[in-house]
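Structure first, commentary second.
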Amino acid sequence: MQRYRAFITALVTSLSSAAAAQEPMNAAEFNAYVTGRTITFRTALNPEFGVERYLPGRRVMWSAFDGTCQYGVWFESKGDICFRYDGDPEHKCWTIYNDPDGLRGIYTTRLPATVIYEIPDREDPLICNDLSS
């Protein structure tokens with residue numbers, strides 16, 4: 001029993017250290033990962049949080065599955081990846097990690113800290129009822 005506890009303690013310590021050692025993505029890494037892609041995100045409570053298309057020149061288009069789309073740009077600020085969308089004066093900042101299952105972002109602009117996860121192998125179209133073609 002004592003060996004089992006020691007093994008579990010060592011395993012938990014190792015996993016905790018590995019998670020703590022992971023560095024967030026910087027702007028160059030994020031740019032290389034996202035440019036030209038459309039990525040669908042979820043949260044722990046919402047299986048369809050939204051879809052973002054990453055265009056050249058650090059431009060983005062966001063859709064939250066409700067038919068509303070927003071154009072914007074992204075930039076790096078204080079180690080976070082931040083987004084500024086047209087018509088929204090507050091930029092949205094996230095600490096972004098490249099996990100084995102895809103991107104994970106922790107919202108840092110203000111509490112509560114939402115965590116989003118990339119849904120791998122899924123490319124939902126943006127539904128933009130409010131934009132004319």
| query | Can you find a residue in the range 116-129 that is exposed (fewer than 14 other Cβ atoms within 10 Å of the Cβ), acidic (Asp, Glu) and within 11 Å of the chain's Cα centre (by Cα)? | reply | no
| For the range 63-88, which residues satisfy the criterion of being in a strand (DSSP E or B), more than 21 Å from Ala27 (Cα to Cα) and under 15 Å from the mean Cα position of the chain (by Cα)? | Ser63
| message | Going through Tyr97, Tyr117, Tyr107 one at a time, which residue ends up being of a type in the set (Phe, Trp, Tyr) and under 19 Å from Ala28 (Cα atoms)? | response | Tyr97
| Can you tell me which residues in the range 39-51 are over 10 Å from the mean Cα position of the chain (by Cα), more than 16 Å from Ala113 (Cβ to Cβ) and not hydrophobic (A, V, I, L, M, F, W, C)? | Pro47, Glu48, Gly50
| remark: Of those in the range 63-105 that are of a type in the set (Phe, Trp, Tyr) and free of Cβ contacts under 8 Å to residues at least 60 places away in the same chain, the residue surrounded by the fewest Cβ atoms within 10 Å (Cβ to Cβ) is Phe75
| query | Out of Ala32, Ala44, Ala113, which single residue is assigned to a loop (DSSP other than H, G, I, E, B) and open to solvent by 60 Å² or more (accessible area, probe 1.4 Å)? | reply | Ala44
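The values are calculated or read from the model by the stated rules, or taken from the named source; none is laboratory data. What you are looking at is a predicted structure, and each value in this text was computed from that prediction instead of being measured. We place every Cβ from the backbone using ideal geometry, glycine too, and count neighbours over all the protein chains shown. Ligands, DNA and RNA are excluded from the accessible area calculation, which covers all protein heavy atoms including side chains. Shrake-Rupley method; radii C 1.70, N 1.55, O 1.52, S 1.80 Å.
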